[in-house]
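Report on one structure; see the data block that follows.
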Amino acid sequence: MVAYEPTWESLEQHELPDWFDDAKLGIFIHWGAYSVPAWAPVTDDGEVSESGYAEWYVRGMYDEDSDVYDYHRSTYGEQVEYTDFLEQWSADGWDPERWATFFDEEVGARYVVLTAEHHDGIQLWDSDVTDWTTVERGPNRDIVGELGAAVRDRDMKFAGSFHGLLNFFDPDNPGLFGHPDVDDEGHPGPEYVEFMNEKLTELIDETRPDLLWLDGNWKADTEAYGTKETVAYYYEQAAEEWDKEVAVNDRLGAGEEQTHGDFYTPEYETFDERQEHKWEATRGLGGSFGYNRNEPEDHYLTVAELVHSFVDIVSKNGNLLINVGPRADGTIPAVQKERLRGLGEWLAVNGEAIFGTTYWEQAEDSVASSIDVRYTWKDGTLYATLFDWAIGEQTLFEDGPDVTPASVSLLTASSKEPVDWKHEDGAVTIDFDANPPSDHPGVAYVLALADVANPASA
């Protein structure tokens with residue numbers, strides 16, 4: 001067993017667990033006191049405005065240059081503090097078992113990450129460090145504990161994410177960057193870091209997360225935060241005390257993103273090319289992570305856009321951590337459930353081309369001049385996912401490796417349907433019918449090519 005030291009040389013001996021590589025799909029949940037006002041300005045093209053995400057409401061309401069500042073005063077008045085939203089957050093419609101069932105049975109997710117503390121200094125677990133928690137106030141429930149139990153009962157992995165490396169707000173000192181040991185630009189001092197690490201260590205010890213998912217690393221380096229010490233402690237606890245295989249993300253200190261960690265976490269971005277290092281794309285279904293009552297439905301990803309992005313990510317060695325932003329009462333907005341159900345329906349037919357796969361030596365292709373294709377591979381089968389239905393003869397690998405499958409079939413709801421194909425000049429030509437199968441959920445179609453090697457995994 002490896003004994004971990006707080007050095008990159010030691011920490012980088014840690015191996016990414018197979019479960020994370022195989023899981024492919026996780027659910028992120030941003031739910032907090034910010035879900036009460038649930039508002040952020042939006043741009044016409046659906047991009048995040050200069051005022052930031054809806055879950056950053058606490059930052060904007062104390063920033064005179066933010067649109068949120070004006071909205072807050074016109075809607076709630078100058079006397080309403082952010083902590084008042086915590087007391088109004090009743091969560092009276094929340095059922096953790098219902099959430100877990102939906103994520104598992106209807107979406108097909110393999111892990112869940114809940115914001116255990118966002119950038120507002122409020123903890124969603126039962127803490128002995130502070131009483132600014134959902135147990136002592138607002139919902140009066142251990143949200144991390146209850147949801148973690150429900151998720152793990154369904155054999156999904158679970159973690160509470162910790163965003164408190166940077167807090168815009170301190171509940172004991174209302175105002176922007178109110179903690180007495182944080183300057184007016186958000187840079188933390190040693191007293192803040194000690195307090196932050198006390199909370200983070202408690203979260204690790206009490207909830208035994210399957211992932212250490214950190215955020216807020218923009219204002220100090222790993223030496224100031226002590227994150228190398230935290231990661232070493234987490235790895236040791238997982239191996240020696242919990243008998244768990246765990247992973248850590250890359251948000252460990254300023255300038256450290258996509259240089260350290262078991263997996264990288266680009267936000268609202270993906271990589272254009274296949275990555276050798278594991279990564280996890282994360283984004284909301286709309287322009288914010290937290291629920292934004294101000295966001296129109298046409299800003300949300302369509303089911304087709306969600307599926308296509310997901311397949312593209314997996315083909316390039318990534319996972320997708322797609323976010324849910326519930327309302328304050330604990331209900332998930334219908335538009336979010338609709339999009340996620342659409343993804344789940346597609347996975348129910350085509351999941352074998354996703355879960356447990358790895359990247360192939362070629363990630364991308366196209367047919368019919370404009371239909372994108374993405375490749376994944378598992379146990380000798382190469383999967384080609386077409387982002388639309390093609391008609392007539394279409395050729396794969398025209399500019400790629402010579403592939404000679406034993407057979408080619410189309411994944412459908414009822415079976416694998418053999419298709420007409422031929423191998424010629426190093427390429428595979430498929431003869432598509434005029435119409436896709438009637439029992440298929442659409443949006444993307446998967447061909448399974450049997451007995452194909454994968455030089456990329458050799």
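Seen from all sides and averaged, what is the projected area of the convex hull of the Cα atoms in the stretch 188-279, in nm²?
In nm², the orientation-averaged hull projection of the stretch 188-279 is 6.5.
Give me the base-10 log of I(q)/I(0) for the stretch 58-103 at each q in 0.33 Å⁻¹, Debye formula, one uniform scatterer per Cα, rounded to two decimals.
After summing over all Cα pairs, the log10 values are -1.17.
Evaluate the charge dipole of the chain about its Cα centre and quote only its size in Debye, nearest 20, assuming +1 on the Cβ of each Lys and Arg and -1 on the Cβ of each Asp and Glu.
Dipole size: approximately 1260 debye.
Report, in deg cm²/dmol and to the nearest 500, the calculated mean residue ellipticity at 222 nm for the chain, where each DSSP H run with n ≥ 4 adds -39500 (n - 2.57) and the sum is divided by the residue count.
Helix-only estimate at 222 nm: -6500 deg cm²/dmol.
Over the chain, calculate the relative contact order: mean separation of alpha carbon pairs under 8 Å at least 6 apart, over the residue count, as a percent.
Reported relative contact order: 16 percent.
Return the ratio Rg/(2.2 N^0.38 Å) for the stretch 142-188, where Rg is computed over Cα atoms only.
Ratio of Rg to 2.2 N^0.38 Å for the stretch 142-188: 1.67.
Average projected area of the Cα convex hull of the stretch 254-301, in nm²?
4.7 nm²
What is the mean projected area of the alpha carbon convex hull for the chain, to one decimal in square nanometres?
22.2 nm²
At 0.890 mPa s and 25 °C, plugging the Kirkwood radius over alpha-carbon pairs of the stretch 231-372 into Stokes-Einstein gives what diffusion coefficient in µm²/s?
This corresponds to a translational diffusion coefficient of 142 µm²/s.
State, in angstrom, two size descriptors of the stretch 79-134 derived from its alpha carbons: Rg to one decimal place and Dmax to the nearest whole number.
14.4, 44
Please list, short to long, the whole-number percent of alpha-carbon pairs of the stretch 356-408 in consecutive 5 angstrom bins beginning at zero.
With a bin width of 5 Å, the distribution comes to 4, 18, 30, 27, 16, 4, 0.
Would you mind working out the accessible area per residue for the chain, using a 1.4 Å probe, and quoting it in Å²?
40 Å²
HN-Hα J couplings of the stretch 134-148 from phi, Karplus 6.51/-1.76/1.60, θ = phi - 60°, integer Hz, Gly and Pro as x?
6, 7, 8, 9, x, x, 6, 9, 7, 5, 4, x, 5, 5, x
Quick check: at a probe of 1.4 Å, how many percent of the accessible area of the chain sits on carbon and sulfur atoms?
Exposed carbon and sulfur together represent 40 percent of the surface.
Among bridges DSSP assigns within the chain, what percent are antiparallel (round to 5)?
60 percent
Any chance you could list the semi-axes, whole Å, largest first, of the equivalent ellipsoid that the Cα gyration tensor gives for the stretch 30-129, using √(5λ)?
27, 19, 12
Cα to Cα, under 13 Å, and not fewer than 8 places away if on the same chain: which aspartates and glutamates meet these conditions relative to LYS416?
Excluding near neighbours in sequence, the set is GLU352, ASP439.
Sort out for me the Cα centre separation of the stretch 148-193 from the stretch 381-458, rounded to whole Å.
47 Å
The values are calculated or read from the model by the stated rules, or taken from the named source; none is laboratory data. Everything quoted here is computed from the prediction, not taken from an experiment. Don't worry about glycine lacking a Cβ; one is built from the backbone with ideal geometry, like all the others, and counts go over all protein chains shown. Surface areas here come from the heavy atoms of the whole protein model, side chains and all, with no ligands, DNA or RNA. Shrake-Rupley method; radii C 1.70, N 1.55, O 1.52, S 1.80 Å.
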